[in-house]
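Shown next, in C-alpha cells, is the structure this report addresses.
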Amino acid sequence: MYDENVTASATNPVIPGFHPDPSVCRVGEDYYLTCSSFEYFPGIPLFHSRDLVHWTQIGNVLDRPSQLRLPRETPSSGGLYAPTLRHHDGRFWLIVTNVAPGEGNLVVSATDPAGPWTDPVRLPGVPGIDPDLAWDEEGNCWCTISGVAQVRIDPSTGETFGEPRPVWSGTPGAAAPEAPHLYRIGDHWYLMIAEGGTERGHGVSIARGTSPNGPFEPCPANPILTHRSTTRPIQNTGHADLVQAVDGSWWMVLLGVRPQGGTPGWHILGRETFLAPVDWVDGWPVVGEVNPELPQMPWPLVPTAVPDERDDFDANELLPSWISLHDRPAEHYSTKERPGHLTLRARGTSLDEPDAIFLGRRQQHLDFEARTLVDCSEGTGGLAVRLDERHHYAIEATSEGTVRVIARVGSLRSVVAQLPLPSGPVVLTVRTGGAPEPHDSRTGPDSLVFGVETPDGATKDVASLDGRYLSTEVAGGFTGRVVGLYAADGAVHFDWFDYAPGSR
Ligand code: 6LW
C-alpha cells in the first residue's frame, strides 16, 4: 500500500498536493496536522509526524456520514474549509466550517487523533469561516473567526455566550483578514491572521495583547511573512499556524503554491503545506525563509516507509488517502462485490456533475504516472485527472468496445481521441509530459498524456493534453488535481491502481 507524503530528505512542501489551511498541534513528542478537504469525503485528513518534516496520514477526522453532510448540489471548492486542531485537557478538539447550505461551524473531539471522533456539535451562534479555538487560564474557550471577531463558546455543547465581537481587522487596506489563530505565549496573547487573499498577495500578520480578548497591538514588522511581488518559486504563502517543538524551537506551517510555466504561472497541485522556522525577537515572531530546501533540522529526521506504488484493492477498507465526492455509499463503492477489485457503480452522473462516482488521490508530485487495470464488460469508466466538475481529463473504456479520451474545460466537452478496445480487461495510463508549445512566456505547466497498454506491455499514447486547463489559475477555487477512477455507466471493476512519482 502506498503511503502519502514520503520523502527521505528535508524538503518543502512537507505535505505536497492539495493540502491547504494547515493547523498543527504537539502532544509530547508527536505532532498532528489537519487540512481542508472541501467537497471530498472523508473530510479533514489528519497527519502524524515525529520530526515536522515527514508526515503520515493516519486517518480523516470526519469519516462517517453522521459527521459530514455534503448535499448533492455541493459544488467543488464548497464543503469543508479551514479546520483548527488543538489538544486541551487530554482531548483533541477540531473546529471547522462546512460551507454547504444549512451546515456552518461545528466541533468534534477525540482522545485518539486516529479516531473515532465524536459526532459534530453545531455552533449556530458562530457565523463565518476559519474558526479557531483557544482556552484561557480560567478555562474559558474563545472562538475567533475571520473578520476578525471573537465569541466565548462551550465546545462540548455548542452554546455561545453573547455575540461575536470584533477584535482586530488586520493591516489597514489589506484584503481578507482571515484564518485567525490565538495563542498564549509567554506574557502575551498573540493573534495571528492571514491577509491579502489566498492568491499572490497572501501573507501572515500578527498582533499581541495581554488578554485573549484584546486590545491587540499589531507587530511593527507586519506582514511577518509574504512572497507577494517576488519571483520566489513558492508563492501565495499564508494561512499559517505556529507550533513549539520538543526542543523549545518554534515553527510555522503554512500554505503555499508552486506555479509552473510562463506568465501568469499555473499551479496544478493546489495549495500545499510548507514548513518554516520561527525565531522570537523582542517578543515578536520572525519567520525564516520558505524555500524548497528546509534548513538543517535541529533533530534527527524520522522518515516514513517508502510507499507501495500499487493498491491491489485486497483490503476491505480503503486507505485514508482515497477520496470520493460528497459521500461513499457501499452500493456505489465496493471492494467486496468482486474480491480483490474495486467496483464502482454509476449513479446516473458523469464527471461533469459534482457528485460523480469517482475515487481518487491527490496528485502530489509535479511529475507522476498512474495506471489501472479495468474491466468494463458491465459498464463505462476509467482513469481521470480531476480539478473539478468543469475541468477534467479522462481515458475511459466503454461497454461498447471503445477506448476514448475526453476533455472537459469550462463549458467545452470533447472526445479528443477514440480507438477500438482490445478484448478483455485493459490497462489505462496517464503520465505528465513536457509543456506543449509555445515555449515562451505562454508556456503551460505540463501536459497530461493518456494511453493504453498493448498486450506486449508497451504503452500506446492516445492523446496528450495541455495541463494548464487543469490548474487553479484556469479553473478557480481552492483545490488541486486529483487522479482517480470513475464509473459513468453501469458497474466498472478495477483490479489495481498504480501511482508513482516521476515521468516526462
Ligand atoms: C480559507 C481561507 C483561505 O477558509 O482559503 O487561504 C479558504 N485561506 O482562510 C479556503 O481554503
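The values are calculated or read from the model by the stated rules, or taken from the named source; none is laboratory data. The structure presented is a predicted model; accordingly, all values stated were derived computationally and were not measured. Neighbour counts run over all protein chains shown; Cβ positions are idealised from the backbone, glycine included.
Checked against the criteria, Ala149 does not count as more than 15 Å from the ligand (Cβ to nearest atom), of a type outside the set (Asp, Glu) and crowded, with 17+ Cβ neighbours inside 10 Å. A single entry from Arg91, Arg64, Arg72, Arg86 fulfils the requirement of being charged (D, E, K, R) and within 20 Å of Leu319 (Cβ to Cβ): Arg64.
Each residue in the stretch 476-494 was checked for being crowded, with 21+ Cβ neighbours inside 10 Å, farther than 17 Å from Ile323 by Cα and within 16 Å of the ligand (Cβ to nearest atom), and 0 of them qualify. Is it the case that Trp168 is at pLDDT 95 or above, more than 15 Å from the ligand (Cβ to nearest atom) and surrounded by 22 or more Cβ atoms within 10 Å (Cβ to Cβ)? Yes: the conditions hold for Trp168. If the condition is being more than 20 Å from the chain's Cα centre (by Cα) and either surrounded by 22 or more Cβ atoms within 10 Å (Cβ to Cβ) or part of a loop (DSSP other than H, G, I, E, B) (or both), then the stretch 104-131 contributes Thr111, Asp112, Pro116, Thr118, Asp119, Pro120, Leu123, Pro124, Gly125, Val126, Pro127, Gly128. Taken over the stretch 225-251, the criterion of being in contact (Cβ under 8 Å) with a residue 60 or more places away in the chain and among the hydrophobic types (A, V, I, L, M, F, W, C) is satisfied by Leu225, Ile234, Ala240, Leu242, Val243, Ala245, Val246, Trp251.
For the stretch 479-495, the criterion of being closer than 26 Å to Thr335 by Cα, among the basic types (Lys, Arg) and in the same structural domain as Glu337 (by TED's automatic domain parsing) is met by at least one residue.
Val53 falls short on exactly one of the conditions (1) away from the ligand (no atom under 16 Å from the Cβ); (2) in contact with a His (Cβ under 8 Å, 6 or more places away or on another chain), and that condition is (2).
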